[in-house]
1. When only alpha-carbon atoms count, how far does the protein assembly as shown stretch along each of its three principal axes, as whole angstroms with the largest first?
2. Using only Cα atoms, find the angle between the long axis of helix A:91-104 and the longest principal axis of chain A, and express it within 0 to 90 degrees, rounded to the nearest 10.
3. Can you give me the relative contact order of the stretch B:16-146 as a percent, contacts being Cα pairs under 8 Å and 6 or more apart?
4. Looking at chain A only, what percent of DSSP beta bridges run antiparallel? Nearest 5 please.
5. Counting other beta carbons within 10 Å of each Cβ, put B:86, A:116, B:21 in order, fewest first.
6. Quick one: if you stick a label point 7 Å off each Cα along the C-beta vector at residue B:124 and residue A:77, how many nm between them?
7. Could you grab the relative contact order for chain A? Cα pairs under 8 Å, six or more apart, rounded to a whole percent.
8. To test your reading of the geometry: what angle, between 0 and 90 degrees and rounded to tens, separates the Cα axis of helix A:148-163 from the longest principal axis of chain A?
């Protein structure tokens, strides 16, 4: 039986995004943002948008595939897919699902995308305003445990306490994103640098490990990538960027109710990362650039540990800004500014950045990278991650 | 602490909606008892409430009273008020309490302590039942305080 894998089978031929806005400041409706990003990805790939035959998204995206297909005059919709789970846990999964559709022959030309206008719709960081709450929320919200920052904080408290990891390690993650955003004109935080004293002086969101700059912004915008068969990508304008691996899911009972996951102090990548490296036929030391989704910097720490990029024992020494910079760092991290400082586009901006790095067109270009890892939103469930590479990585 | 003036958090936060799946738990807290799911087939506890035993797949989960004590497994102290009722009432302390005597299930609640008091993972805590007698329907939350403390 032939090996069952996505490695090298499909490529990202086009990337697109809108202008990124602070939340509430987009002049365009959310659906219009989605359309703009899809058209931009098609234009980038040199493919007629009417040729797109599939859409994959995540995080309960409101821009439905069928509406997009109708609005764009798509000739034939062959694949539509919404990945379960909130936020950016599904960002790499959406690309992986598009890839699976293309590789299996269900579709030929699939957009993976995310659109968000939190000015038009509700914000994430506000608690429930309902009079009563049900399900899992009944055991958390009446105790003031309501927002994403609060939902994940106890995982981080436990992990960092167990391993003696200091808050300064998280500060470095925040500083890396802001550092890279200063030379990325797309970034919402372009022109708004962050240094240690500003970080340290910022107010607490949640003690003991979430100050203001440990938490992502909320933004308006949209991003999209176009996935095609690997063979086709060779005839398109850009240097092909191949999918080397995609994995999604969660470890044993990671979604157990009311904070009862047996392995709780986790980003939920333990089995996902194992499957990712197996498909990629490589390990963390083969990766040249890492894009790790920051909902909160503590989640980045957990993601990096669970993918094998960082050892808990040496996290305090390794996670310093100089190691994370694009030009001189041992592990360039979030080279466009990430969710914290480029845009909270639920990680889709990180997939675009990974493609730019591998094409050699990034604003903070790492020297000759062949492999980029995209670690999707941590601590939710399911989670997902992705390895992309150049022709040389195949 | 059974005085409404001594509640962990101010009035105005969402109340727990009582549903068929969780009703025995909320009936228990009204009576000052900690009652959780215990599988009638395999005898193990599980939490939060679910329709099936995740270990043996029996649907006839029963309910059992457990000793209202445990150890702090993790904690957090929110400062940013994400609900209007919390404005001016932060920080407050949330704990995740592990009940080793009930198959290690964990429960979320507030730790009754001062806003700058240190919190220690592993510290022994005991439940404090916090009735909301003005609510419709009535409900009682389960808070925690350091064992043997004030």
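FYI, it's all coordinate maths here, none of it is from the lab. None of the values given here were measured: they were computed from a predicted structure. Ideal geometry is used to build each Cβ from the backbone, glycine not excepted, and the neighbour counts take in all protein chains shown.
1. 72, 52, 47
2. Its long axis makes an angle of about 30 degrees.
3. Here the relative contact order equals 21 percent.
4. 70 percent
5. B:21, B:86, A:116
6. 6.1 nm
7. 25 percent
8. Roughly 70 degrees, rounded to the nearest 10.
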